[in-house]
Structure formats: structure tokens, C-alpha cells
Amino acid sequence: MSNQPQDVPRTEVHFTVNGRPCCILVYPMQRLLDVLRCELGLTGTKEGCGEGECGSCSVLLNGELVNSCLVPILQAEGAEVRTIEGLASDSLHPVQRAFLECGGAQCGICTPGMIVATVHLLQRCPDPSLPQIQEALSGNLCRCTGYSRIFEAVRECARQGAAQESEEYSAGTSRSTR
Ligand code: FES
Ligand code: FES
């Protein structure tokens, strides 16, 4: 967690996390990653490098994939944030299911970021080629799987039409958490 000078006043920030409105007192330069994990208890988003290199802290900010370790919390003012917790509710999200079935998750540190990045990819490109998958996940590093099972999981999602299912699922999740 980044250190915050004690003499800097905290300020209110308002945003929506996984469909729930949220108002929280923060230090201006606090990282979105720390607010999610430490203030809101959303520990599904992981910290790897803390420098924007590994993608394990990936979340969606207004629908765009971002490294939350690089996002000052004030940039989230008025925004819609979706984390790995916002994908699953009573049952696994289709992308989570595919990662499980294809062996795309081992130690699990990279997995939430990989899954969020995959959801982002499939919403823009429902039937990606292998090079498109490799490019879309190039900002997400994995030390365990050798990537082939992850890529297979993404292909499996595409075969099952997970993009459309994702949107319907997210819409349902969003409604049910308001
Ligand atoms: S922890 Fe954010 S990119 Fe590595
Ligand atoms: S499953 Fe361990 S880093 Fe990817």
C-alpha cells in the first residue's frame, strides 16, 4: 500500500463499484487498488508488481481495462468500477468457469486480472483469433500456466458465446446489487 503524508487532508470521492454507489473519504493520491482492497474489502483484485507491469490489479473503469495500481482514486470520481467480485454472484461467471475447466488458473495471483481482461476482450471482440487473444492479454503476466491453458480458456469462452452471456450476466448482476 502506498504511504500517504499525514498532513494531507482527506477528501470525499463518489463512484460506483459493481453497481453499488459508494462515497468514501480518501487521500487524494491513494491508489484505486488500495481503496478497493483496504477500504472496501474487495480483495479479489490482486497486487503483483505495483508498477503497471503485471496486470494482476486489472479492473474495468467506465468499461475500460486499467491497472488499478496506477489509478489515483480521484480519477474514479463519478466513474463506474467493475472488479472481479462484480462478475460473479450466485454462480461463476462464464469466463471464470472456462478458466476453471481449462486449467487456466494455478496459484491464482494473475487470475482475477486475466479474467477481467478476458471479459473486456470478449465484449469488444466476441470471437478473437489467437493473436488477438495474445495481444489483449499481453499486459497480464502469469508465472505458472505457460499461457496455453489461459488462451484455451478464452477460446472456449468464445466458442460458448460468453461475450453475450457476459453482458446479460453483468446486467443481471448490476440490477440485483442496486
Ligand atoms: S500490480 Fe498493478 S500492474 Fe502489477
Ligand atoms: S496462475 Fe500463478 S501467476 Fe498465473
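Since every read-out is calculated from the coordinates, none of them should be taken as a lab result. This one's a predicted model, so the numbers in the text were calculated from it and none came from an experiment. We place every Cβ from the backbone using ideal geometry, glycine too, and count neighbours over all the protein chains shown.
A few points about this structure:
- Cα gyration tensor of the range 94-172 - equivalent ellipsoid semi-axes, whole Å, descending: 18, 13, 11
- Part-to-part distance (alpha-carbon centres) for the range 22-52 and the range 129-150, which is given in Å: 25
- Divided by 2.2 N^0.38 Å, where N counts the residues, the Cα radius of gyration of the chain comes to 1.02.
- Ranked packing of 96-103, 112-119, most packed first, by mean Cβ within 10 Å: 112-119, 96-103
- In the chain, the DSSP-assigned H stretches of four residues or longer account for a calculated mean residue ellipticity at 222 nm of -10000 deg cm²/dmol, using -39500 (n - 2.57) per stretch and the full residue count as denominator.
- Percent of Cα pairs exceeding the 15 Å cut-off, where the set is the range 1-66: 56
- Each Cα pair under 8 Å and six or more residues apart adds its sequence gap; the mean of these over the residue count of the chain is a relative contact order of 24 percent.
- Taken about its Cα centre, the chain carries a charge dipole of roughly 220 debye when the Cβ of each Lys and Arg holds +1 and the Cβ of each Asp and Glu holds -1.
- Computed over the range 11-79, relative contact order equals 37 percent, with contacts defined as Cα pairs under 8 Å that lie 6+ residues apart.
- In percent, rounded to a whole number, the relative contact order of the range 94-172 is 47, using alpha-carbon pairs under 8 Å and six or more apart.
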